[in-house]
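Every number in this text was worked out from the coordinates using simple rules, so none of it is lab data. Because the structure is a prediction, the values reported are computed rather than measured. Neighbour counts run over all protein chains shown; Cβ positions are idealised from the backbone, glycine included.
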Amino acid sequence: MNNLKLAVRGVTRNKRRTLITVSAIAIALATIVVINSFIAGTDRQINDKAVETTGHLQLYALGYYDERRTLPTDIAIGHLSRVMETLRATDGVADATAQITFGGLATFGGQEIGGVFIGLEPEAAGRIQNLADRVTQGRYLSDSDTDGCLVGYHMAELLGLKPGDVLTVVTRTAYGALTAIDLTVVGLAATTNPMIDEGGALMLLADAQAYLELPDAATTIIVNGEDPLKSGALKDKVLAALAAITPPEGGGSSEGPVTEPTAAADSNETVESPTREGFEAYTWQELNQVMLDMIQMRQKMMDIIRAIMIVLAMAMIANTMLTNVFERTREIGVLLAMGAKGRQVLMLFIGEAAVLGFIGSAVGVAFGAAIGLVMQNIGISLGEGLTTLVNIPIDNVFYALVTPEMLARAFASGIIVSVIAGLYPATKAARMQPTRALRFI
């Protein structure tokens, strides 16, 4: 208790210098708390959005993943009804939905846009990807919307589309034949998926199967488990369950000969079936590896900023403590001459550094937490055009995340850094010779 009183008395001797040092510590800690809360919030949002877009796990036919950037429809999962039945009965699977993703040319009013189109199951896709809440005009798709579509808001702006208009999509079937699809726009959506928002539309899976000649088939199956962090274990379970599926005799599907070689529409040659036996699965982390690498790179950059702030705060503390040591040299000599041990002098100055760190950390953490909580509640808008600048699913409003653990770590690190910064001045004071210290003027 006496050491604490002496430390507090030493700190309050020069109030101006103490205020400057405490302010430096507080600013550094507040900045770090704000940065940490912003990073924690954006990381959570990006991860949540990635999981929402891709699901916990995605299944493809063998060979599809390597060709996925070309959006092939001739590498598809067959026997879809049996596969979905097996998936939904698999332990650990909470939800699953099938999709067909294909490229095409969207035309309306004499204007054309190359885009990405997805045939999906409205109810299941709405649950997994939260699509119903993304509708900005009109309404969401329903199972009764045959030849209907939900269009990305930016593509609608470019083409001048509104609900009720008929959008024509020109594409190729799974067998390579050209086909045109007339779709009635039922609504516009801001999905935060750049591919859809900038040039894409959502339609019924059944319509896509019919127009692309893929009965009872899909190019992708999205699977959700109980916990996205356990997607690796879910992947193993799903692949093991699907390995037990055997194709029906004759190779045909339950709704059409999707595994039989079929004559091409514009050729006398036969072509292979677009469906494939076997599956490959990828977790959301694997599907978003580039984005996760970007997060890690940003984390390293933020670590550099944190280090700079800490070094500046340490320099202020060390400077204050060294000045105290020089100003109190005679006092230190008197203490040593009266029998005080070097260890006691060391602890006295370390105590002063700890007091400075405690006050500065408390003020800085409180101030940083206040700013973080404001950012957590109201968010920071980065502009409506954010999704056009970054090719990852992301909201244009970021929200910070302040947690008790974050504040406790910042507070503790502030005190520890202050004590470390005070070690050299305290050691210098403890090693003084009493006779030399008493002669110091």
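What the Cβ-Cβ distance of ILE308 and GLU286 gives, at R0 = 30 Å and to the nearest 0.05, is a FRET efficiency of 0.30.
Taking a straight Cα-Cα cut-off under 27 Å and skipping sequence neighbours fewer than 8 places away in the same chain, the lysines within cross-link reach of LYS341 are LYS5, LYS428. Ordering 130-137, 79-86 by mean Cβ neighbour count within 10 Å, with the highest value first, yields 79-86, 130-137.
Residue order for ARG172, ARG276, fewest other beta carbons within 10 angstrom first, comes to ARG172, ARG276. Once both labels are positioned 7 Å from their Cα atoms along Cα-to-Cβ, the gap between LYS15 and VAL334 label points is 2.3 nm. Setting aside same-chain residues fewer than 8 positions from LYS230, which lysines have a Cα under 19 Å from its Cα? By straight Cα distance, LYS230 reaches LYS49. Oblate is the label for the range 63-277. Its Cα gyration tensor axes, ordered a ≥ b ≥ c, give a/c of at least 1.5 and b/c at or above a/b. Between the range 38-108 and the range 127-193, the C-alpha centres lie 18 angstrom from each other. Evaluating 6.51 cos²θ - 1.76 cosθ + 1.60 at θ = phi - 60° for every residue in the range 85-100, the Karplus couplings come out as 5, 5, 4, 5, 9, 7, 4, x, 8, 8, 6, 7, 8, 9, 9, 10 Hz, glycine and proline recorded as x.
Applying both filters, DSSP loop and at most 14 other Cβ atoms within 10 Å, to the GluC sites (Glu not before Pro) of the range 156-233 gives GLU226.
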